[in-house]
Amino acid sequence: MKRLLLITAVMALVLGTATVVHAKEITVRGKLQKAAESGGWLIVNDGSKYLILNPKNFQNNAWFKESTGVEAVGETKDVMTIFMEGTPFEVKSMQPVDQAVATPGRDDSRRVTRVLVGGDSIVQAQPDTAILTISVVTQGRRAIDAQQENATKTEAVVRALKAAAGVGAEVKTSGYSLQPQRVYKEGQPPTISGYEARNSVTVTTGELTKVGNIIDASAQAGSNDISGIAFTLRQDRQARDQALSEATREAMNKARVIATALGGRVVRVIEVQEEGLQRPVPIYQTEALMAKRDASTPIEIGSLEITSRVQLIAEVEPG
């Protein structure tokens, strides 16, 4: 009975003096060290100790040994261990931070160097879609006058656009506004001199040879503002894949050149990042097109440039 009371008292003392650590995700950097507990491992750095709760998840790695510098991400836990040698730490991911990485069948005394290289590629592609924004702008002393005149002219322009673009094109209203026109005089409040109505229509077509005819037809029907023409590539998968592939090959070639200069070879690629694709769209402004109603509008389409950039980190083993 006395022995039971003594054990209970000791357990109460341990529990009473234990520090409670609230769970939170942290990043720990330090060196691996065996713990006093059987099979236990610590991450030690500047006197701070973290007891790894799940070392079996990482012990199959060749670098998992004493004195290896590591960086680990995980959570501290509110648990009791036998000796409480360090803060209980459940690791989600861990990797060595030293340049030397052990590989089966290779001399661990040899070191590898990590290199960061980038690759760029530009692929020329022909656009397959044209997008035009065509507007009808009317003015009147009264709002109703500007609105009604605009409605009549826009209806005629839409009919002309549909006829010129053909059945495969998309013609839709993309904007409408009716705004007062104000006159400003010094020392006086602004006065309304009239109203302006604007109705914008967007035409999207895959028949690029019809672009000039579409502009001519809209001008003859009454449109008086064309903000511009955009050529783009809807079916761009093949061009994007080609640009990405060429950029990756260029980055790998750079890594091999660096390795050769060091008298060694590329061991492996650690990380690859695609930094995004750029698909410039040439814009052809159409100012002064309205003044050439007696001539056909020439349109030179040109080509698009699809660019890709890849960045990769490779391990190079010097000779």
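Structure data summary
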quantity	calculated
Distance cut-off 15 Å, percentage of C-alpha pairs in the stretch 132-190 lying past it	60
Per-residue ³J(HN,Hα) for the stretch 145-162, Karplus 6.51 cos²θ - 1.76 cosθ + 1.60, θ = phi - 60°, Hz, x for Gly and Pro	5, 5, 5, 5, 5, 5, 4, 5, 5, 5, 4, 5, 5, 4, 4, 5, 5, 4
Order by protection proxy (mean Cβ within 10 Å, highest first), peptides 241-252, 256-267, 179-190	241-252, 256-267, 179-190
Net lengthening on full extension, GLU25/THR129 (0.36 nm per residue, minus Cα-Cα)	32.5 nm
Ranked list, fewest to most other Cβ atoms within 10 Å of each Cβ, for LEU233, LEU32	LEU233, LEU32
Two-site FRET efficiency, VAL167 against SER303, from Cβ-Cβ distance with R₀ of 30 Å, rounded to 0.05	0.65
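Values in this text are rule-based calculations from the coordinates and carry no lab data. All of these numbers come straight from a predicted model, not from anything done at the bench. Cβ atoms come from the backbone with ideal geometry, glycine included; neighbour counts cover every protein chain shown.
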